Amino acid sequence: RIAVESAMRHAIARNEFSVVYQPQLELRSGKVRGVEALLRWTSGTLGVVSPTEFIPVAERSGQILAIGEWVLRVACAQAAAWHQAGLGEFRVHVNISGAQLAHEDLAQRIQAILLETGASPRLLGVEVTETTLTVDAVLAARTLQALRAIGVEIALDDFGTGYSNLSMLRSLPIDIIKIDRSYVHDVTASSAEVSMTRAVITMAHSLQMHVLAEGVETASHLPLL
């Protein structure tokens, strides 16, 4: 952890970070609805470092603030470039850490990045986890409301793995529920597992939210969803 933290301090300046984009597909049409920006790191001293290794270290050390802002800037610039290239308006979703959400000026920072990169708020989405929201629900709600007011899309990531409740979902400006991969089953799944997945999707739709399923990796996953 010490080696990772030390090497990470110079990663942005040395251009060691990169962003890859995972497509988010509309199930009925098969069209790309958006993409999720995923951070990758190839260290000059440590080689390829897994996000599961360096993200927790970045969060504990406080480096996640600078890294998170760098990812936002890169993602917004890419979204603007795709739009200017005539590829249409699909959103780039960026994960927001608890440390970022704890800053009262996050919405203003994001607006400044949008202006700097020339990206419309309609091209950006932010993703927060259930755990992140429980740290300071009032501040989180205020920040997310400010972002949604300018047109940024809000997604609740890893739904079903934390402590969300219906009252929280109603009080927050959530546009998309991302159900965790543990809820994504194929046609051979048990009826109990299928019922859980169906219940989550039905609940989200009843709250006028879209549903995004993570971990769809085989053709047999699609018919059930």
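The values are calculated or read from the model by the stated rules, or taken from the named source; none is laboratory data. Since we're looking at a predicted model, the values are computed, not measured. Using ideal geometry, Cβ is built from the backbone for each residue, glycine included, and neighbour counts are taken over all protein chains shown. The area values use the complete protein model at the heavy-atom level, side chains included, leaving out ligands, DNA and RNA. Shrake-Rupley method; radii C 1.70, N 1.55, O 1.52, S 1.80 Å.
Numbers for the structure displayed
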{"item": "Theoretical FRET efficiency, 1/(1+(r/R0)^6), r = Cβ-Cβ of A146 and L207, R0 25 Å, to 0.05", "result": "0.75"}
{"item": "Solvent-accessible area of W70 with every protein chain in place, 1.4 Å probe, in Å² to the nearest 10", "result": "60 Å²"}
{"item": "Geometric extent, Cα atoms of the chain - Rg, Dmax (angstrom)", "result": "18.0, 52"}
{"item": "For region 1-56, convex hull volume per residue from C-alpha positions, Å³", "result": "85 Å³"}
{"item": "Acute angle (nearest 10 degrees) that the helix 191-206 long axis makes with the longest principal axis of the chain, alpha-carbon atoms", "result": "70 degrees"}
{"item": "Accessible area of region 1-81 belonging to carbon and sulfur atoms, whole % at 1.4 Å probe", "result": "54 percent"}
{"item": "Between helix 137-149 and the chain: long-axis angle, C-alpha atoms, 0 to 90°, nearest 10", "result": "90 degrees"}
{"item": "Net charge dipole size for region 31-187 [Lys, Arg +1 and Asp, Glu -1 on Cβ; Debye, nearest 20]", "result": "320 debye"}
{"item": "Region 87-225, accessible area per residue, ligands and nucleic acids excluded (1.4 Å, Å²)", "result": "49 Å²"}
{"item": "Near-label residues of region 1-26 by backbone N, under 17 Å of a point 7 Å along Cα→Cβ of T45", "result": "1-17"}
{"item": "Accessible carbon and sulfur surface of region 136-216 relative to its total accessible area, %, 1.4 Å", "result": "54 percent"}
{"item": "Distance histogram for region 126-225 (every C-alpha pair counted, 10 angstrom bins, percent rounded to whole numbers)", "result": "15, 46, 27, 10, 1"}
{"item": "Accessible area expressed per residue, region 1-46, with surrounding protein chains retained (probe 1.4 Å, Å²)", "result": "67 Å²"}
